[in-house]
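Where a number appears in this text, it was derived from the coordinates with a stated rule and is not lab data. All figures in this text were calculated on a predicted structure; none of them were measured in a lab. Here the Cβ positions follow ideal geometry from the backbone for every residue, glycine too, while neighbour counts run over all protein chains shown.
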């Protein structure tokens with residue numbers, strides 16, 4: 001993706017989130033100059049991947065296969081072994097009409113996907129086999145506290161305010177219908193490096209063509225653009 005495309009997406013996304021009366025934390029608006037003044041006091045933001053994440057999943061076609069995410073809070077995966085600390089994560093996501101998030105599941109993470117505002121969010125679910133293939137067994141999910149047993153491959157449509165709780169090892173894909181969707185995710189600690197299982201090979205983070213300076217850093221930028229305070233992560 002070109003940095004100019006990412007910049008335009010970030011500006012539009014921030015405006016869309018404000019339009020629906022959600023306020024992001026101050027670091028959502030930090031510029032590269034702001035980051036240059038930060039030290040180890042913001043290592044939680046860097047090391048836990050808080051902030052903007054724009055991806056086309058390696059497709060080269062963000063409009064058809066992509067997603068905007070903003071991670072508001074996230075714990076340390078290492079704390080899951082002790083059961084103590086911040087064991088949860090929260091994100092906002094923006095899904096465009098017809099824009100598909102590729103089929104995937106999580107090895108450990110249970111997550112609630114919430115349609116917070118906008119159009120309808122269409123979610124398709126599949127069971128998985130022990131080897132990570134699509135299964136043919138039924139899938140049990142919770143839709144706003146009501147248990148549903150669905151055939152593998154079933155489709156649900158979530159209107160604004162509705163949500164689905166997705167267990168680990170359940171394949172899922174989603175897209176918006178009718179209008180742009182502001183979605184939310186509340187989950188176990190998020191670990192994009194080790195906990196994602198995509199059915200097809202994808203590029204989780206974009207390859208960026210630097211045709212102009214960044215408006216805001218993406219979480220994928222932190223590893224190469226952060227200060228020495230985060231070298232040890």
Note to self: Nearest 5 percent is fine: what portion of the DSSP beta bridges confined to the chain is antiparallel?
What the structure shows: 95
Next item on the list: Can you put 217, 222, 199 in order of Cβ neighbours within 10 angstrom, beginning with the fewest?
Entry: 199, 222, 217
Checklist line | Reference-scaled alpha-carbon Rg (2.2 N^0.38 Å with N residues) for region 1-98 | finding: 1.20
Notebook entry, point to check: So, by mean Cβ neighbours within 10 angstrom, what's the order for 45-58, 138-151 with the highest one leading?
Noted result: 45-58, 138-151
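What order do you get for 88, 171 when you list them from fewest to most C-beta neighbours inside 10 Å? Each step should come with its number before you reach the end.
Numbers: 88 13, 171 24.
Sorted ascending by nearby Cβ count, the order is 88, 171.
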Margin query: Just to verify a number: FRET efficiency for residue 143 and residue 11, C-beta to C-beta distance, R0 = 30 Å, to 0.05?
Written below: 0.35
Next item on the list: With springs only between Cα atoms under 10 Å apart, run a GNM on the chain and tell me which of 115, 74, 23 wobbles the most.
Entry: 23
Checklist line | Principal axis dimensions, largest first and in whole angstrom, of the chain by Cα | finding: 52, 43, 33
Check: Helix-derived [θ] at 222 nm for the chain: sum -39500 (n - 2.57) over DSSP H runs of at least 4, divide by residue count, nearest 500?
Finding: -3500 deg cm²/dmol
